[in-house]
Amino acid sequence: MSGATGGPAAGARRQLVTFFLGDDHFATDIFSVERVLRFAAPRPIPNVPAWLEGVIDYRGRVVPVIDLRTRFELPVAPSRDSARILVLVVGGDWVGAIVDGVQDVATIGADQIESPPPLFKGLARQYLRGLVRPREEGDPVLVVLDVAELLTARERIVLERAVSGAATNA
């Protein structure tokens, strides 16, 4: 990856799961996605941050679900008809992420992922692995997320407590 985490191997290809939130297009490495689920409202948990939508049962485990729109401070979706839950692999655990829709799996050259420009600062930059410029006029810029960085250490503790409480009350 050019500049994002070191130089790419010659001819290296990456597969990215692409999804959207409103008009914004995002992607993450296919190896970070365990499964794509149809949206079903997670069971709410009291006294947690707004971005933690609740928990779901997935393969016999209680999985916390975050709302990426809320996490990225985007307006509420007018409808969740096409919404999906991405079950992401984050530090050996599963975390669900609500997205407006999943597009496809894109194969790109590792050298096509560029470092984010300096205007991305602070926590927002922390989420980013890089950007993929459009191949054709009118195509969107693809924002490649680093799912391992979506949550701070403090937020992971909040998730662990929420999941423990939800599992105990199940």
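Taking amide H positions as placed 1.01 Å from N in the peptide plane, with prolines and chain starts having none, which residues 5 or more places from LEU128, or on another chain, fall under 5 Å of its amide H? Excluding prolines and chain starts, which carry no amide H, the hits are ASP146. Rounded if a/c is under 1.5, else prolate if a/b beats b/c, else oblate: with a ≥ b ≥ c from the C-alpha gyration tensor eigenvalues square-rooted, which is region 27-71? Since a/c reaches 1.5 but b/c is at least a/b, the shape of region 27-71 is classed as oblate. Under a 5 Å amide H cut-off, with hydrogens placed 1.01 Å from N, LEU150 pairs with nothing among residues at least 5 apart or on other chains. Each of the GluC sites (Glu not before Pro) that DSSP puts in a loop and that has at most 14 other Cβ atoms within 10 Å breaks the chain; the longest unbroken stretch is 1-72.
Which of the following values of Rg and Dmax of the Cα atoms in Å was calculated from the structure shown: [x] 16.3, 52; [y] 15.6, 49; [z] 23.6, 70? Among [x] 16.3, 52; [y] 15.6, 49; [z] 23.6, 70, the one calculated here is [x]. Heavy atoms only, probe 1.4 Å: what % of the accessible area of region 19-96 goes to carbon and sulfur, would you let me know? Answer for region 19-96 is 51 percent, counting heavy atoms of protein chains only.
Note that the chain presents 55 Å² accessible area per residue, ligands and nucleic acids not counted, probe 1.4 Å.
Between helix 153-169 and the chain there is an angle of about 40 degrees, using the helix long axis and the longest principal axis of the Cα atoms. The 3J(HN,Hα) values that the Karplus relation (6.51, -1.76, 1.60; θ = phi - 60°) gives for region 101-106 are, in residue order, x, 10, 8, 6, 10, 9 Hz. Gly and Pro appear as x.
The values are calculated or read from the model by the stated rules, or taken from the named source; none is laboratory data. Since the model is a prediction, treat every value here as computed from it, not as a measurement. Don't worry about glycine lacking a Cβ; one is built from the backbone with ideal geometry, like all the others, and counts go over all protein chains shown. Note: areas computed on protein heavy atoms with side chains; ligands, DNA, RNA excluded. Shrake-Rupley method; radii C 1.70, N 1.55, O 1.52, S 1.80 Å.
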